Amino acid sequence: MPAIRFDDKVVAITGAGRGLGAAYARLLADRGARVIVNDLGTGMGGDGASETEAAAVARDIVEHGGAAVANYGDVTDPAGAASIVEDALSHYGRLDAVINNAGIIIQDSFGGLTPQIIQRQFDVHVIGSLNVTQAAWPALVESRGAVLFTVSAGMLGSEHTIGYNIAKGGLLALTRSVAVAGREVGVRANAVMPGAETRMQGTALDAASEATSQRQDTSVHSPANAAQLACYLVHEDCPATGETYAAGRGFMARMVLTSTGGVFEQNPTLEFIADRFEEIRALDGVREETDLAGHRARLLDLWS
């Protein structure tokens, strides 16, 4: 197979001053892409700001023969998000892909969870990703490009990062909806569920995950391991859209939403449901749910 290249392509990566985002930026630049390295330089909880991180990654890429521009826009501010796109167009004249990687994490528990904790993380993960994607949309339509959103295994349920998990679940819905919007204009949208040793994932790990990571070769936990699949998802030859992929720690897999074969009854009663409940919940006949239109079509088939 020929080498996968991004020559003449321009990719903007948010949260690219450290960890996974920096690994994406370096890999893409090494494969020929010109990259916009965006990072506000906050702490894990969203406090403070610094230009040091994004500048260092961009400088390192240039020193190694690549092309990169640092950007310090705040993705939660529409103007900050727009500045990322403006830098891509003013420096390189196009934009082919956006990787929405910027995020924060606040430890919490169900008893201590507040609307403010949820809102702060929702603003960065969901609204920030929406702001950047909307700003980039005209350029992505022109280039028939791609968007990558960043979800988390935390959305499957965990104890100490519930607000973070809620925000990541919202991103899954955003990914699938943007993919539907992009079908008619040639823009693909997917999500990556990365696993790597980063300052943020160190906060999110539960005790079992931490024990597992300590038993394995630490090299497999590097952000560079997760970057390979994540970056392929924004390559022009990747056929996927509306899909979610686990990537990192040596493991790659597609994650899917499914429904069981179920039971059809036009006028169910509580007694009917109780009698047939094991059949309703059984995993026989599992099928993937790709979008709302497909789900509705299935229901219409049952009615016909």
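The values are calculated or read from the model by the stated rules, or taken from the named source; none is laboratory data. Owing to the predicted nature of the structure, the values given are computational and were not obtained by experimental measurement. Cβ placement follows ideal geometry from the backbone for every residue including glycine, while neighbour counts extend to all protein chains displayed. Ligands, DNA and RNA are stripped out before the accessible areas are found, and what is left, the full protein with its side chains, is counted by its heavy atoms. Shrake-Rupley method; radii C 1.70, N 1.55, O 1.52, S 1.80 Å.
A prolate overall shape is assigned to the range 129-184, the ratio a/c of its alpha-carbon gyration tensor axes (a ≥ b ≥ c) being 1.5 or greater and a/b exceeding b/c. In the context of the full protein assembly, residue 47 retains an accessible surface of approximately 100 Å², using a probe radius of 1.4 Å and ignoring ligands and nucleic acids.
By the Stokes-Einstein formula, at 1.567 mPa s and 4 °C, the chain with its Kirkwood radius over alpha-carbon pairs has D equal to 64 µm²/s. Between the Cα long axis of helix 270-281 and the first principal axis of the chain there is an angle of about 50°, rounded to the nearest 10. Taking the Cα centre of the range 118-194 as origin and assigning +1 to Lys and Arg Cβ atoms and -1 to Asp and Glu Cβ atoms, the resulting dipole is close to 120 debye.
Residue 264 contributes about 90 Å² of solvent-accessible surface, heavy atoms of the protein only, 1.4 Å probe. For the range 95-168, the solvent-accessible area works out to 40 Å² per residue, with a probe of 1.4 Å and every protein chain left in place. Within the listed set 259, 143, 177, the Gaussian network model of the chain (springs between alpha-carbon atoms below 10 Å) gives the highest mean-square fluctuation for 259.
For the chain, give the magnitude of the charge dipole about the Cα centre (Cβ charges: +1 Lys/Arg, -1 Asp/Glu; no others), in debye to the nearest 20.
Values: 23 positive and 36 negative charges, 87 e Å.
The dipole of the chain has a size of about 420 debye.
Running a GNM on the chain with Cα contacts under 10 Å, which residue among 127, 117, 61 ends up with the highest mean-square fluctuation? Result for the chain, Cα springs under 10 Å: 117 fluctuates most. Taking each residue as 0.36 nm, the span from residue 301 to residue 180 lengthens on full extension beyond its C-alpha to C-alpha distance by 41.4 nm. Comparing 281, 26, 94 in a Gaussian network model of the chain (Cα springs below 10 Å), the most mobile by mean-square fluctuation is 281. Dipole magnitude for the range 1-124: about 360 debye, using +1 per Lys or Arg Cβ and -1 per Asp or Glu Cβ, origin at the Cα centre. For the pair residue 79 and residue 134, label points projected 7 Å from Cα toward Cβ lie 1.6 nm apart.
If you add up the charges near residue 280, with Lys and Arg at +1 and Asp and Glu at -1, over every other residue whose beta carbon is less than 14 angstrom from its beta carbon, what do you get? List each step's numbers first, then the result.
On the way: positive: 276, 281; negative: 265, 271, 275, 278, 279, 284.
Result for the local shell: -4.
Here the simple spin-label model places points 7 Å from the Cα toward Cβ, and for residue 252 and residue 292 these points are separated by 3.3 nm. Ligands, DNA and RNA left out, the accessible area of the range 1-52 computed with a 1.4 Å probe is 50% carbon and sulfur. A cut-off under 14 angstrom between Cβ atoms defines the neighbours of residue 54, and their net charge, with Lys, Arg +1 and Asp, Glu -1, is -3. Inter-part distance, the range 67-122 to the range 134-179, computed on C-alpha centroids, equals 12 Å.
The C-alpha atoms of the chain define a longest principal axis, and helix 292-303 lies at about 20 degrees to it. Between residue 51 and residue 113, the modelled label-to-label distance comes to 3.9 nm, taking each label 7 Å out from Cα in the direction of the beta carbon.
Axis of helix 19-30 versus longest Cα principal axis of the chain: the two differ by about 60°, to the nearest ten degrees.
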